[in-house]
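Taking it in order: structure first as structure tokens, then the write-up.
Rule-based calculations on the coordinates, nothing more; no lab input. Source: prediction; values computed, not measured. Here Cβ is always computed from backbone atoms with ideal geometry, including for glycine, and neighbour counts include all displayed protein chains.
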Amino acid sequence: NSDMVQRCPDASFNCSSSPVCSTTTSGCRGTANISSDSAEATGSALGSALGCAPELMGPFCRQCVPPPTESGRVHYVPATPSTVATCKGCQDTVGRSAGVLLGAVFFVALITRLLYHSRRRWLVGERKAALAKAWVDFSPLVKAKVLISSYQIATAVPSVYQISLPYQVKELIGNLAFAFSFGLEGIATPLECLGWGGYVSSLLFFFFAPLALSALVLVLAALRRCRWCSRHLTPLGSDAPFAALAVPPLLKLLFFTYPLITHKAFDAFPCHSFGEVAFLKADVSIECGTAEHDRAKRLAWLTILCCTIGGPVAVATLLYRARQAIVSGQPTVLSQTINFLHVGYEAHMAWWE
């Protein structure tokens with residue numbers, strides 16, 4: 001069916017002197033008119049050998065041809081200026097990803113431990129007072145939050161507004177997105193190798209991973225509370241500092257994951273249109289308007305209601321309940337617990353959070 005066509009996404013970079021794109025770094029092959037962004041490849045339906053490299057298929061040649069055996073899973077590797085897109089065997093990809101994750105967790109835990117002991121050993125007396133004053137005067141936390149938020153927004157601009165950028169800029173933005181998402185942006189490959197590839201699996205991961213981390217934070221806070229109670233000979237039923245231990249890390253977790261979850265949820269709606277047929281931009285294996293796309297949109301709306309809307313509502317509620325303490329400058333337990341939301345801002349600007 002010639003109506004179900006493909007386009008060479010990088011034809012303008014590799015075939016600028018010819019109306020025919022015989023081979024591009026995307027793996028897209030065959031005839032392709034590159035005179036406009038809606039250039040169409042002809043002669044193939046969803047990616048035959050005529051339209052894509054042998055191991056690729058689908059619109060834009062961004063899907064892997066299923067391997068002959070279930071044990072030989074493969075994952076898609078995007079093109080670079082020097083290499084074509086291809087599909088590689090998973091092999092120990094999941095193991096390496098888990099190793100990198102565990103290594104990162106161990107490194108962060110080690111640095112945190114060293115900083116904690118260094119603070120107790122060196123930050124005493126005048127040095128501690130001087131650092132506290134500098135922290136208040138220069139507000140590094142607020143500046144870091146603004147910087148991180150700016151980069152989180154910048155990394156989403158190309159996909160949200162469909163802006164075509166040079167490869168070097170895309171690579172830089174990709175590295176920033178990977179860093180500020182703590183590697184979560186690169187989760188697609190391990191999921192694909194586990195047999196959970198595609199947009200829906202990715203959205204489910206982004207929906208449940210923060211919930212699992214939140215549960216872990218609550219468990220650790222409960223354990224620290226029990227330890228605190230035993231040291232201070234305080235009954236567990238008394239007002240031990242559970243909220244003070246649990247809420248601050250939960251707010252930081254929300255700060256970092258909110259943009260990722262929101263961006264992933266809204267990826268359920270934009271589609272590539274090929275005349276009478278359209279495919280989801282975030283996952284070209286899903287045809288828009290089908291039952292599969294409807295399921296993806298329902299899950300996206302659930303995520304938007306719970307996270308995209310629920311997160312700001314929860315933050316606004318906390319700020320509202322602590323508003324008198326924030327405005328008057330007379331701290332309460334609640335206002336100190338949510339310091340992450342308002343410290344460093346003028347009182348009338350705390351709602352900006």
Other-chain or far-sequence residues with amide H under 5 Å of residue 52's (modelled H): 29
Inter-label distance for residue 122 and residue 172, nm, one decimal - labels placed 7 Å from Cα along Cα-to-Cβ: 3.3 nm
Extension gain from residue 91 to residue 154, taking 0.36 nm per residue of separation minus the Cα-Cα distance: 19.3 nm
Under-5 Å amide H pairs with residue 278, H placed in peptide plane, nonlocal only: 288
Likely footprinting exposure, 213, 254, 223, fewest C-beta neighbours within 10 Å first: 223, 213, 254
Cα Rg over Rh - segment 186-321, Kirkwood: 1.14
Translational D in µm²/s for segment 139-180 (Stokes-Einstein at 25 °C, 0.890 mPa s, Kirkwood Rh from C-alpha pairs): 223 µm²/s
Residue pairs, from the table 145/281; 252/297; 128/252; 252/281; 145/252, whose Cα atoms sit over 20 Å apart: 145/281; 252/297; 128/252; 252/281
HN-Hα J in Hz across segment 103-111 - Karplus 6.51, -1.76, 1.60, θ = phi - 60°, x for Gly and Pro: x, 5, 5, 5, 5, 5, 5, 5, 4
Calculated from backbone phi, Karplus (6.51, -1.76, 1.60) coupling profile of segment 328-339 in Hz, x at Gly/Pro: 7, x, 10, x, 10, 4, 5, 5, 6, 5, 9, 3
Additional length obtainable on full extension of the chain from residue 220 to residue 302, 0.36 nm per residue less Cα span: 26.7 nm
Label-to-label distance, nm, for residues given as residue 65 and residue 314 (7 Å Cα→Cβ offset): 4.7 nm
Interchain or long-range residues, amide H under 5 Å from residue 79's placed H: 85
Segment 186-321 - percent relative contact order, Cα under 8 Å, separation 6 or more: 21 percent
